[in-house]
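**Student:** Mind having a look at this structure? Questions to follow.
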Amino acid sequence: MSDLLKELYQEIILDHGNTPRNYGECEPFNKSADGHNPLCGDKVHLTLLVDNNNIIKDIKFTGEGCAISIASTSLMTQNLKGKSLDYANSLFKDFSNLVTGGNDKLELITEEDSLYSLKGVGAFPMRVKCATLSWHAFKSAIDEK
Ligand code: ZN
């Protein structure tokens, strides 16, 4: 990976860590979940509004934590808003592969993708939990009946 690309990824994480997108609570919402990463102290509260066609009309979060967890949650909401749950499930799989160095080929995430900026956390197992916290919260929100 080139230094320029590394710098760009770092900038994306800093930007989203400092100025998280979609911060707050959906009004109204019909799905929600909480996530907690005791290893780092990250907490996230997610609310979603999913319509009858399984489209994520709105997704917002509140919480506190390290820059990685906040940036990852912010990027997640940005990438899921307006998308279908099917797409979201595929993106969840891709993102898990991305940050755990899974050997499965990525189907949706490319190097140009903002989510790719989090690939670097794969080198730090503790940080993987920070980056995936909100995604697991998202999964439990949409999987609950
Ligand atoms: Zn963390």
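The values are calculated or read from the model by the stated rules, or taken from the named source; none is laboratory data. Note that this is a predicted model, so its numbers are computed, not measured. Every residue, glycine as well, gets a Cβ built from its backbone with ideal geometry; the counts of neighbours run over all protein chains shown. What goes into the accessible areas is simple: the full protein's heavy atoms, side chains included, and nothing from ligands, DNA or RNA. Shrake-Rupley method; radii C 1.70, N 1.55, O 1.52, S 1.80 Å.
**Student:** With the structure loaded, tell me whether V99 is within 13 Å of the chain's Cα centre (by Cα), surrounded by 18 or more Cβ atoms within 10 Å (Cβ to Cβ) and within 22 Å of D143 (Cβ to Cβ) or whether it fails that test. So that I can check it myself, show each step before the final result.
**Tutor:** Details: within 13 Å of the chain's Cα centre (by Cα): yes; surrounded by 18 or more Cβ atoms within 10 Å (Cβ to Cβ): yes; within 22 Å of D143 (Cβ to Cβ): yes.
Taking the combined requirement at face value, the residue satisfies it.
**Student:** Can you name every residue in the stretch 126-145 that is open to solvent by less than 60 Å² (accessible area, probe 1.4 Å) and either touching a residue at least 40 places away in the same chain (Cβ under 8 Å) or not in a helix (DSSP H, G or I) (or both)?
**Tutor:** Residues satisfying the conditions are C130, A131, T132, L133, S134, W135, A137, F138, K139, S140, A141, I142.
**Student:** Which one is nearest to the ligand (Cβ to nearest atom) among residues in the stretch 56-89 that are of a type in the set (S, T, N, Q) and part of a helix (DSSP H, G or I)?
**Tutor:** If we take residues in the stretch 56-89 being of a type in the set (S, T, N, Q) and part of a helix (DSSP H, G or I), then S69 is nearest to the ligand (Cβ to nearest atom).
**Student:** Going through the stretch 90-145 one residue at a time, which ones are hydroxyl-bearing (S, T, Y) and away from the ligand (no atom under 13 Å from the Cβ)?
**Tutor:** S90, S96, T100, T110, S114, Y116, S117, S140
**Student:** Moving to a separate point now. Give me the pairs: first residue in the stretch 31-44 and part of a strand (DSSP E or B), second residue near the ligand (Cβ under 10 Å from one of its atoms) and among the polar types (S, T, N, Q), beta-carbon distance under 8 Å, and six or more apart or on different chains, which are they?
**Tutor:** Within 8 Å, the pairs are N37/S69; D42/S69; K43/N37; V44/S69.
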